[in-house]
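Heads up, the thing below is written out as structure tokens.
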Amino acid sequence: MEIEIYRGIREILSEPKYSQFLLLAQVSLGEIFNTRPYDDRAAAAAYYAFNARRSDLVIVNTDGLPVLIIEYQGGGHFQKSYYLRDEIKRRVFQKAKVRALEIAENLNAPEAAARVREQLDALLPASPAPAAGQGAHQ
């Protein structure tokens, strides 16, 4: 299913209005978020734990900055302390002001694509309203 979602998003991003976005797969969070090691042991452990995390799919803008993180929660997701891993990611995404979308296994590919499209549309600049007297039908 994850590959179907990947393909669906690639198809969406091929549309001209989304040309400023690029899809990356299995991205190390340490590569897309600016983190640094710390001197004390607890902070250092948190740093290395975060850098070891991956996101399933990341959409970046033309500057290479993440704009949408997509986490697919398939059958293999719910292992051990998944809730802790998910909560850490949610907090990081929120602090970084990056949109995150969690896609459950029971969501089919077209439904997942619709949710991704909705998130991307919210990132696009608003189209200016037509000036008075310049409507489509005159």
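Say we look at segment 79-121 and pick out the residues that are touching a residue at least 24 places away in the same chain (Cβ under 8 Å) and of a type in the set (Lys, Arg); which of these is surrounded by the most Cβ atoms within 10 Å (Cβ to Cβ)? Going through the qualifying residues, I end up with Lys89. Condition check for Arg117 on (1) basic (Lys, Arg); (2) on the phi > 0 side of the Ramachandran plot; (3) modelled with pLDDT of 90 or more: one failure, at (2).
Summed over segment 67-106, residues that are polar (S, T, N, Q) and modelled with pLDDT of 80 or more total 3.
The values are calculated or read from the model by the stated rules, or taken from the named source; none is laboratory data. These numbers were taken from a predicted model, which means no experiment stands behind them. Positions of Cβ are backbone-derived with ideal geometry, glycine not excepted, and every protein chain shown enters the neighbour counts.
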